[in-house]
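The values are calculated or read from the model by the stated rules, or taken from the named source; none is laboratory data. Just so it is clear, the structure is predicted and the values come from calculations on it, not from any experiment. Every residue, glycine as well, gets a Cβ built from its backbone with ideal geometry; the counts of neighbours run over all protein chains shown.
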Amino acid sequence: MTKQKIQSRGALEKIKPYSPGKPIWEVQREFGLRTVVKLASNENPLGPSPRALEAIREALPELHRYPDAQAIDLRSKIANKLQVLPEQIIVTNGGDELIKLISETFLEPGDEVVVPEPTFGEYEFGGNLMGAAVISVPLKENYEYEVEALLRAVTERTKILYLCSPNNPTGTILSRSQLQQILDFLPKHTLVVLDTAYSDYVSSSEYTDGVEFVKAGYPLIMLKTFSKVYGLAGIRVGYGVASQEIVNSILKVKEPFNVNALAQIAAAAAIEDDDHVTRSAQLVKQERQRLYGVFQELGLRYIESSSNFILLELGTDASKLYQEFMAKGVIVRYGGTWGLPKHVRVTIGTPEENDMFMKTLREILSSQR
Ligand SMILES: *Cc1c(COP(=O)(O)O)cnc(C)c1O
């Protein structure tokens, strides 16, 4: 046979493979461990909404049917909760799919996408996929947003400005007045994507999830996921909220059955499970304070977080310490992927999981000294 010469698109050369948090089974196998806690992917340690599980069980006998291509029931529940029209909602196979669909809808080769740095990697992926130029704007030294720097990066080619609030992996937020300022100064051809995956864990009254700005008619799409506080990461569902015009454009690139039947049913049940959301958010807020206390006691620097994870500075040995955590059965995320080689990001778990994390942290640090 002759040598194959099937060329992939040039744009794909820029795409780096996604490196997910290590799964529990892999670390168990690799290190011969029984007890492993995963604090690496910002999942809900309390598990899925019990109401969602019940709804899934009831729906199983209907799996021979195609899902609702328009996700009517779920969209109406989301619309009801946010007090917008169902036509302003698009439901997707996780928030990740929405980012890809937005990219496919709005980006031409040569367009520009502005993203904060460090932030969630999927924005860059979407830009690269479409051959757009991705312009990164560093957060300030304390990892807060700097409005002026973001606006300075916007040009006549900027199609999308991504804002992640609370930002992954820093946990910092963009305030309502900062967002207002951005929206007021942005040129008419620039769409803002506000990623609010972690909005439920915010305590600050300065925070906005952006829905008020959608209602006021600004060109903004608010992104939300069922993977975090609702505890449904494994079933893949998320959504966007924007003007009908923006939603209709994105619907053109959506596959009809992008959200599976169980995901739709689970999300529709979870969004009404206020009890599960409240308990999950409260756990995070309490445990966040407890973790801060231990970090302070150990003299470690961290970024105050509005989210269910904390960016922790471990110094030049962070990569080695990350490996040691893993060898002791605690999976956290190493900051190297975000250009933060001195940091790890730790997801806030159950009190027991956090105890194990803190015990391991003490052990590792004391053997280092
Ligand atoms: C987890 C996450 C998402 C969405 O994740 P999906 O599981 O694809 O819904 C979106 N944005 C950020 C910042 C996230 O951390």
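General remarks:
- Checking each residue in segment 301-337 for being of a type in the set (A, V, I, L, M), touching a residue at least 60 places away in the same chain (Cβ under 8 Å) and in a loop (DSSP other than H, G, I, E, B) picks out ILE303, VAL332.
- Test set (1) outside any loop (DSSP other than H, G, I, E, B); (2) touching a residue at least 12 places away in the same chain (Cβ under 8 Å) - ARG65 fails condition number: (1)
- Unique match (being more than 17 Å from LYS252 (Cα to Cα) and at pLDDT 95 or above) among ASN80, ASN93: ASN80
- Residue ID - surrounded by the fewest Cβ atoms within 10 Å (Cβ to Cβ), chosen from residues in segment 85-97 that are more than 8 Å from the ligand (Cβ to nearest atom) and in a helix (DSSP H, G or I): GLU87
- Hits in segment 207-243 (condition: surrounded by fewer than 13 Cβ atoms within 10 Å (Cβ to Cβ) and either within 11 Å of the ligand (Cβ to nearest atom) or in contact (Cβ under 8 Å) with a residue 12 or more places away in the chain (or both)): GLY217, GLY234
- Residues in segment 1-27 that are without any contact (Cβ under 8 Å) to a residue 24 or more places away in the chain and in contact with a Lys or Arg (Cβ under 7 Å, 6 or more places away or on another chain): there are none.
- Subset of segment 279-300 (residues that are of a type in the set (Gly, Ala, Ser) and either in a helix (DSSP H, G or I) or not assigned by TED's automatic domain parsing to the domain that holds ARG362 (or both)): SER280, ALA281, GLY293
- Filtered by the rule that a residue be out of contact with any helix residue (DSSP H, G or I) (no Cβ under 7 Å at 6 or more places or on another chain), over 21 Å from GLY131 (Cα atoms) and surrounded by 10 or more Cβ atoms within 10 Å (Cβ to Cβ), segment 1-21 gives a lone residue, GLY21.
- Among the residues listed as SER177, SER136, SER205, SER227, the single one being hydroxyl-bearing (Ser, Thr, Tyr) and assigned to a strand (DSSP E or B): SER136
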